[in-house]
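Peer 1: Here's a structure for you.
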Amino acid sequence: MTGPYVPPLVDHHCHGVARSGLSAEAFESFLTESDAPAAPGTTFFDTQLGFAVRRWCPPLLGLEPHCPPDEYLRRRHELGPAEATRRLLGAAGIADYLVDTGLTGDLTTPAELAAASGAACHEIVRLEPLAERAADTAGDVPSFLDGLATAVTDAAAGAVGFKSVVGYRHGLDFAPARPEPAEVRSAAGRWLAGRAPGERLADPVLLRHLLWSAADTGLPLQLHTGFGDPDLRLHRCDPLLLTDFVKAVRPTGCTLVLLHGYPYHRNAGYLAAVFPHVYADVGLSLSHTGARAEAVLAETAELTPFGKLLFSTDAYGLPELYVVGAELFRRSLTRLLTGWVEEGAWPARDAERVAAMIAAGNARRVYGTPGESFA
């Protein structure tokens, strides 16, 4: 495919991959946002994401494109998880991974991901586990709040950004203002008094306190928006619900990065267009829309300023998801920009520049990672 050159990518939002071998059922579980097996008589390979995996990944393991799922999984088992991961990540064309380390499970660390891929890895710290770990060791409210403040400060020293899943834990329709200290102490007391060991944080006051604590560090803050697993309520994850928080947090100088967005990706683009500290991301939207990824990327780029649109895969568990996310992004972006150049809407030199910005440069500028911003 000819068109603008797309440089090695910066995947600004992703996760570790499974260290051990996976059963067919476990593999399929990573092809969906559902928390249940496929309906009887069906398979999650029969989805846009499943078809994309079968198109782009088999050749990297020595098979024909579109080979049957059983053949692909047999070959993957023959190679073993380490070799399959090495081959797949090595072919993804990703130069930097910004890894959200907040998920549990037998997943690779950023250092292990770097070793398997040969790429640079940087950490994104998820906020909610910081509070949960502080609560696990706190004896009272003061020790909890002191421990949490220390945890946020320590995390900021080694990470390139924070992430919040407040959309999952409460919804994006939270009160936008910074909570008062007395309000935080009262909420912490209630939560600690009634908390079972290991219980997740869902208190809206403490979730807001985390957001504002992160904003005060000066690091970028990623916010999950749009679709995900059944733990969220999709109508409460529309990024437009963040409008008042976006306005309130602006004086801190914190950069907000709205992840995924789908099916509200146009709304995320609007916020990025009208607020200087808001950025939009294509994320797992492209992987899950597969053959329709070009249309989704085009819709995201309708309003989003090109210097504020970032690439990511949101890959989790399967190295295949890095390959699919990267391939769909590169091909979709190339087709879009080539079409705009051929019809005379864009000059070719600007298509090259914008492709480099979205692929890598914008992320390097936002997160301060080494490399050229292409602005």
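Peer 1: Tell me, how many Å apart are the Cα centres for the range 22-69 and for the range 304-375?
Peer 2: After rounding, the separation between the Cα centres reads 26 Å.
Peer 1: Continuing with the same structure: If a paramagnetic tag sat 7 Å from the Cα of Ala248 along the Cα-Cβ line, which residues of the range 154-194 would have the backbone N under 11 Å from that point?
Peer 2: 173-180
Peer 1: Now, a different point. Taking the Cα centre of the chain as the origin, how large is its charge dipole in debye, to the nearest 20, when only Lys and Arg (+1) and Asp and Glu (-1) carry charge on their Cβ atoms?
Peer 2: 540 debye
Peer 1: Grab the other residues whose beta carbon is less than 13 angstrom from that of Leu333, score K and R as +1, D and E as -1, and report the net.
Peer 2: Numbers: positive: Arg330, Arg331, Arg335, Arg353; negative: Glu294, Glu327, Glu352.
That sum, taken over residues with Cβ under 13 Å, equals +1.
Peer 1: I would also like to ask the following. For a label point 7 Å from the Cα of Ala157 along Cα→C-beta, name the residues of the range 127-150 whose backbone N is under 13 Å from it.
Peer 2: Counting only backbone N, you get 150.
Peer 1: For Gly161, what residues show an amide H to amide H distance below 5 Å, using hydrogens built from the backbone and excluding near sequence neighbours?
Peer 2: For Gly161, whose amide H was placed from the backbone, the distant partners under 5 Å are Val125.
Peer 1: Okay, next question. Taking 7 Å along the Cα-to-C-beta vector as the label spot, tell me the Ala175-Arg190 distance in nanometres, rounded to one decimal.
Peer 2: Here the answer is 1.0 nm between the modelled labels.
Peer 1: How many nm separate the modelled label positions at Ala149 and Glu183, each set 7 Å beyond the Cα in the direction of the Cβ?
Peer 2: My value for the distance between the label points is 1.9 nm.
Peer 1: With point charges of +1 on the Cβ of Lys and Arg and -1 on the Cβ of Asp and Glu, referenced to the Cα centre of the chain, which listed residue (Gly21, Ser213, Leu321) lies farthest in the positive direction of the dipole?
Peer 2: Ser213
Peer 1: A follow-up question, please. List every residue whose amide H lies under 5 Å from the amide H of Thr101, counting only residues 5 or more places away in sequence or on a different chain, with H placed 1.01 Å from N in the peptide plane.
Peer 2: Ile124, Arg126
Peer 1: As a footprinting exposure proxy, order His277, His260, His12 by other Cβ within 10 Å, with the fewest listed first. Walk me through the intermediate numbers first.
Peer 2: Values: His277 20, His260 28, His12 32.
In order of increasing Cβ crowding within 10 Å: His277, His260, His12.
Peer 1: Give the calculated FRET efficiency between Asp140 and Thr104 to the nearest 0.05, with a Förster radius of 35 Å applied to their Cβ-Cβ distance.
Peer 2: 0.85
Peer 1: Multiply the residue separation of Ala26 and Glu71 by 0.36 nm, subtract the distance between their alpha-carbon atoms, and state the gained length in nm to one decimal.
Peer 2: Difference between extended and current length: 14.6 nm.
Peer 1: Next question. Given a Förster distance of 41 angstrom, what is the FRET efficiency for Arg335 paired with Arg233, based on the Cβ-Cβ distance and rounded to 0.05?
Peer 2: Details: r = 34 Å, r/R0 = 0.84.
E(calc), rounded to 0.05, equals 0.75.
Peer 1: Would you compute, from DSSP H runs of 4+ residues alone, the mean residue ellipticity of the chain at 222 nm, taking -39500 (n - 2.57) per run and dividing by the full residue count, rounded to the nearest 500?
Peer 2: Mean residue ellipticity, 222 nm, calculated: -13500 deg cm²/dmol.
Peer 1: Fewest to most neighbouring Cβ within 10 Å: what's the order for Tyr5, Tyr264, Tyr168, Tyr72?
Peer 2: Tyr5, Tyr168, Tyr72, Tyr264
Peer 1: While we're looking at this one, here's another question. When DSSP assigns beta bridges and you keep just the ones with both residues in the chain, what percent turn out antiparallel, to the nearest 5?
Peer 2: Antiparallel bridges: around 5 percent, rounded to the nearest 5.
Peer 1: Also, I was wondering about something else. Within the set of other residues whose C-beta is less than 13 Å from the C-beta of Gln222, count the net charge using Lys and Arg as +1 and Asp and Glu as -1.
Peer 2: On the way: positive: Arg126, Lys163; negative: Asp11, Asp100, Glu123, Glu128, Asp281, Asp314.
Residues near Gln222 contribute -4 overall.
Peer 1: Next question. Using a Gaussian network model of the chain with C-alpha springs under 10 Å, which one of Gly102, Gly189, Gly290 is most mobile by mean-square fluctuation?
Peer 2: Gly189
Each value in this text was obtained by applying a stated rule to the coordinates, not by laboratory testing. What you are looking at is a predicted structure, and each value in this text was computed from that prediction instead of being measured. Methodologically, a virtual Cβ is constructed for each residue, glycine included, from the backbone with ideal geometry; neighbour enumeration extends over all protein chains shown.
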